[in-house]
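The structure appears below as structure tokens.
The values are calculated or read from the model by the stated rules, or taken from the named source; none is laboratory data. These figures come from a predicted structure and were not determined experimentally. Positions of Cβ are generated from backbone atoms using ideal geometry, with glycine treated the same way; all protein chains shown enter the neighbour counts.
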Amino acid sequence: MKDMTTSGPMIEFRKDLFADERDDNLNEIGKPTRRQDILGHVTGRSPFFDDHLFDGLLHLRCTRSPHHHARIRRIDTSAADRMPGVVRVLTGKDVPTNLNTLLSLLDFGLDDEPILTDTKVAYMGEPVAAVIAETEAQARAAAAAVVVEWDVLPHVLDVEEAIKPGAPAVLDIYPNNLFVYHGKYDHQKLRFGDADRALAEADHIVEGRYQMSPIEQAPIETCGAIAAPEQNDRFVCYTSTQALFFSLGTAAKVLNIPSSRLHFIGGTVGGGFGGKVDSIHEPLAILGAMLTGRPVKYAWDRAEEMQVGAPRGAERWYVTDGVMNDGRIVARKFTGYFDAGAYTRLSSYAIIKGVGHLPGPYTIPNVSANVYCVYTNRTPATAMRGFGITGVDFAIEAHMDKVAETVGMNPIELRILNAYRDGDMKAHRREAKNCALIECAQVVAEKAGVTLSPELKAATSVTGGGGARGALPAHTATDEDGQVEGFQATSYANTSGASSAPQPSPTTSAPAPQPITSAPAPRPATPPAPPTSTPTPSPTPPAAADKKPARSGAMRFSSLSGFRRR
Amino acid sequence: MVKKPVNLTLNDSPRAAFADPGQNLLDFLRREIGDLSPKFGCGQGTCGACTVTIDGQTQLSCLVLAETVDGKEVRTASGLANGATLDPLQDAFMDHFAAQCGYCTPGMLVSARTLLDRNPRPTRDEVIEAISGNLCRCTGYEPIITAILSVAEGRARA
């Protein structure tokens, strides 16, 4: 047990646990390893995006909405145009494809977000014009001189207020302020067993409400990009992006030019934590370089980074558990509200990921979840370190403590009793493997001086799982609640065509939409069958029959979310 | 706008350039002189990424007017190495994984070097205080403190 630091925390390895599963003896853990890029870091020579000097560099800054929600009656840039040092003022009409959604390259979600909006703002700080000037100070002054006439609209800042009838519609294409999943539901569903029936039979019902605020990634380097014309009809773009080819594809789509004309250079990121995937800066910097013929830098200052930089989205969770007197959790229901803010960005996907994680690392035979991606007039949310998981994990683990209190058990014992064991069936219909929660909990108990019962002290993740615990539920209660009309199940293109953007340009590498092979025609006009006798489950050979309808949606995200069989 | 000539000694070299009125030292060093090691993090004296020394005192270059360093001695992280020979602090940062994204590192190193020049054998608390104006968002504070202390102890043995 080697101490990593002279005075830091002691790291202790328990190589006895799962010794048969590892042959590397954990050689790398706990030892500082020399990073290949660290010489540049300690000499101050690592080339961050802003560490490239260009003669004649122009500076781009945006005019931003002072309102949470407002229609734009008129944008008058004439005063800004006449300001000292101003080279060009851009508005929405200058952007070739002025509507995008971040995951459109993966055919997920409708284009919903203008690059520079000219009709309506949906959050405070949304950009409505971009000023390009000789100096940053001149750009700042001219951005303040852009005159916008607003019709201020009522706004909504709370997820549950936003889905009430009569709430202000944040986006025209999602009038109920809810993302549409798989072309047909206003929420992402998880159904495993019959949670309602199990709740009715449980000894205790434990309810909880949990909430997590938005969290700003706050990298020390603010987000930005510098673009410049090259000599070969291409544009070079130095960027702080965390997702270079994602930003490349997004820029090609927004600018409607082949990606082969874009030369992206990145990889040196001054802290990202998820906040540098949104590809906000590259398209405008390149557009500026195209229209002025000069190098253009577009970077947020610290205030912008904190205000309009997309955070980890707020989440609100309602959890209801059915618990027996002996501590077994027999049912768990979730209702989740994920605050996407004003535009989709990555929130819809965060929910797909989060629902695959439910009900946490516990074998619960009846699980049900309705999780809503809700639009509000707050700053759009995006990726941040385990987004989609961390918020609900907080809810789950806080709830576990509440359950333990209800049945009078030690919370560590409750966790061991209910933990996944190898061979158990998870609620998203994958077998649990390489489980370790029991062993972790036992070590925690030892460190905390908690005496476990002999049975729980003897419990292991490799024994006691599988069998009945590994079987799919004999019956899964399904429903058609939350159906939405007017969207295709096989593609996220809006069938009505109304307010939908052009399809991704041929230069982007969007995969062909996968047709749903066996599902019946989507969007039945009336609910097809009473919810009590849905045709889905056939208990005997559960694997194939139960999976098909769920799979056609879930498979699409398998590579995106990193889910794979272990 | 009348630019002002600024003569300074940067990392032992005489340097001169013209500063715009109101231009801060961070921007001046990066754009006019070409020393890119001080970084912009906040522009409001909060994060410490732009830390330099002026006549031996640590300063936040984003809050210093460029024209005020005329005739003064400025040091930055790019002056720590002597040719190919690194400062022991730089070696220690590499050995102890004291940099992740690397953006706070130049400012952190300047603060650490200033501390050790003044106090070659600081306590852990003195190290923490010396870098308390330098934010690290990858939260590598422990390895950074360890790296700085390792140099302090190495000197004590030498």
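Summed over the range A:65-107, residues that are within 29 Å of A:Gln488 (Cα to Cα), at pLDDT 95 or above and of a type in the set (Gly, Ala, Ser) total 1.
Of all residues in the range B:106-158, those being part of a helix (DSSP H, G or I) and touching a Lys or Arg at 6+ places or on another chain (Cβ under 6 Å) number 2. Considering the range B:1-96, the qualifying strands (runs of 3 or more DSSP E), each wholly inside and each with 3 or more residues that are in contact (Cβ under 8 Å) with a residue 60 or more places away in the chain and touching a strand residue (DSSP E or B) at 6+ places or on another chain (Cβ under 8 Å), run over B:4-10, B:73-75. Inspection of the range B:117-126 identifies at least one residue that is outside the structural domain of B:Leu25 (by TED's automatic domain parsing) and either among the hydrophobic types (A, V, I, L, M, F, W, C) or within 30 Å of B:Ala16 (Cβ to Cβ) (or both). Within the range A:284-303, being closer than 14 Å to A:Ala133 by Cα, out of contact with any helix residue (DSSP H, G or I) (no Cβ under 8 Å at 6 or more places or on another chain) and within 14 Å of chain B (Cβ to nearest Cβ) holds for no residue. Scanning the range B:132-158 for residues that are crowded, with 19+ Cβ neighbours inside 10 Å, in contact (Cβ under 8 Å) with a residue 60 or more places away in the chain and under 24 Å from B:Asn82 (Cβ atoms) yields B:Asn134, B:Val151. Tallying residues that are in a loop (DSSP other than H, G, I, E, B), touching a Ser or Thr at 6+ places or on another chain (Cβ under 9 Å) and not polar (S, T, N, Q) within the range A:432-466 yields 4.
Just to be sure before I move on: is A:Pro154 surrounded by fewer than 19 Cβ atoms within 10 Å (Cβ to Cβ) and of a type outside the set (Asp, Glu) in the structure I sent?
For A:Pro154, the condition - surrounded by fewer than 19 Cβ atoms within 10 Å (Cβ to Cβ) and of a type outside the set (Asp, Glu) - is met.
If the condition is being among the aliphatic types (A, V, I, L, M) and in a loop (DSSP other than H, G, I, E, B), then the range A:95-125 contributes A:Val95, A:Leu99, A:Leu110, A:Ile115, A:Leu116, A:Ala122, A:Met124. The set of residues in the range A:126-163 being assigned to a loop (DSSP other than H, G, I, E, B) and of a type in the set (S, T, N, Q) consists of A:Thr135 alone. From the list B:Asp55, B:Asp87, B:Asp27, B:Asp20, the lone residue that is farther than 23 Å from A:Ile220 by Cα, surrounded by 14 or more Cβ atoms within 10 Å (Cβ to Cβ) and at pLDDT 95 or above is B:Asp87. Restricting attention to the range A:363-376, which residues are assigned to a strand (DSSP E or B) and surrounded by 24 or more Cβ atoms within 10 Å (Cβ to Cβ)? Residues satisfying the conditions are A:Val367, A:Ser368, A:Ala369, A:Val371, A:Tyr372, A:Cys373, A:Val374, A:Tyr375. For the range B:101-123, the set of residues classified as within 13 Å of chain A (Cβ to nearest Cβ) and surrounded by 20 or more Cβ atoms within 10 Å (Cβ to Cβ) consists of B:Cys101, B:Gly102, B:Tyr103, B:Cys104, B:Thr105, B:Pro106, B:Gly107, B:Met108, B:Leu109, B:Val110, B:Ala112, B:Arg113, listed by residue number.
Here B:Ala66 does not fit the description of being at the interface with chain A (Cβ under 9 Å from one of its Cβ atoms), surrounded by 15 or more Cβ atoms within 10 Å (Cβ to Cβ), over 22 Å from A:Gly271 (Cβ atoms) and among the hydrophobic types (A, V, I, L, M, F, W, C).
Any residue in the range A:353-370 that is in contact with a Gly (Cβ under 6 Å, 6 or more places away or on another chain) and among the aliphatic types (A, V, I, L, M)? The answer is no; no qualifying residue exists.
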